[in-house]
Amino acid sequence: ECYIRQGKSYRGYHNKTRNGIPCQAWKLQMPHSHPYGPESNPNAGLISNYCRNPSSSDRNRPWCYTVSKNISWDYCQVEKCSKFTTL
C-alpha cells in the first residue's frame, strides 16, 4: 500500500500512526473532536479508523486522529508510491 500526491485518494487499511498509536475512528468525536466525519466528507473514504487525508492543503500525506489523549493527530506509516509503482 502506498499513496500518491498528498494521499487524498489513499484507501488502504493502515490504522496506526508512524509511532504505532492506534487511530481514532473517524465517526467518533472522542478523545479528539474534529470536523472530519463520514457524513460531512462522503468522498473522503472516512471509514473505520483507517488513515486518510481529508484535509484541504495543510497536511501532505495520510494521517489520523489518535486514541491518545496527549497526541491529537499524527501522520501514518504509509509510504509514498514511487514513480515505478503500479496501483
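The values are calculated or read from the model by the stated rules, or taken from the named source; none is laboratory data. Here the structure is a predicted model, which means the values were calculated and not measured. As a convention, Cβ positions derive from the backbone with ideal geometry for all residues, glycine included, and neighbour counts pool all protein chains shown. We work out accessible area using only protein heavy atoms, side chains counted, and drop any ligands, DNA or RNA first. Shrake-Rupley method; radii C 1.70, N 1.55, O 1.52, S 1.80 Å.
Structure notes:
- Inside the stretch 1-40, residues that are part of a loop (DSSP other than H, G, I, E, B) and closer than 16 Å to residue 59 by Cα make up a count of 11.
- Of all residues in the stretch 19-52, those that are within 11 Å of the chain's Cα centre (by Cα), open to solvent by 60 Å² or more (accessible area, probe 1.4 Å) and modelled with pLDDT under 95 total 1.
- Considering the stretch 72-87, the residues that are modelled with pLDDT of 95 or more and over 15 Å from residue 11 (Cβ atoms) include one that is most open to solvent (accessible area, probe 1.4 Å), namely 73.
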